[in-house]
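Encoded as structure tokens, the structure appears first; notes follow it.
Since every read-out is calculated from the coordinates, none of them should be taken as a lab result. All values reported here derive from a predicted model rather than from experimental measurement. Methodologically, a virtual Cβ is constructed for each residue, glycine included, from the backbone with ideal geometry; neighbour enumeration extends over all protein chains shown.
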Amino acid sequence: MMAIYGPLALILNVMFFILLAHIIMSWLINFQVLNLNQQFVAQVWYGLNRLLEPIYTPIRRILPDTRPLDLAPLVLFIIIISLRDYILPELLLR
């Protein structure tokens with residue numbers, strides 16, 4: 001079972017840090033610490049958006065509309081942490 005658990009845990013860890021970078025970058029852009037007119041910042045931002053939007057879209061369909069506040073990253077964050085720390089070890093390491 002370690003052959004299955006290892007790659008899944010690695011994928012979830014990578015997703016965790018990508019999501020964390022996206023959340024922090026969105027705060028920095030909203031508080032005008034980062035500027036999307038800078039080419040590197042814009043490329044990283046649009047790359048993260050293209051990577052995460054297909055995951056956010058089904059979550060946004062389920063959640064109620066809270067227009068100024070996007071709860072999809074928070075829900076995905078909770079799902080990733082739950083899978084990584086509680087569900088996968090319980091299922092695969094028994």
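Calculated from the structure at hand, mean projected area of the Cα convex hull in nm² is found among (i) 10.3; (ii) 7.2; (iii) 7.7 as (ii).
The slack between GLN39 and MET2, meaning 0.36 nm per residue of separation minus the straight C-alpha distance, is 9.1 nm. For the pair ILE79 and LEU10, the difference between a 0.36 nm per residue extended length and the Cα-Cα distance amounts to 23.3 nm.
Dipole check for the chain: with +1 at the C-beta of Lys and Arg, -1 at the C-beta of Asp and Glu, and the Cα centre as origin, the magnitude is about 100 Debye.
Tell me what the chain gives for mean residue ellipticity at 222 nm when only DSSP H runs of n ≥ 4 count, each as -39,500 (n - 2.57), the sum divided by the residue total, rounded to 500 deg cm²/dmol.
Result for the chain: -24500 deg cm²/dmol, rounded to the nearest 500.
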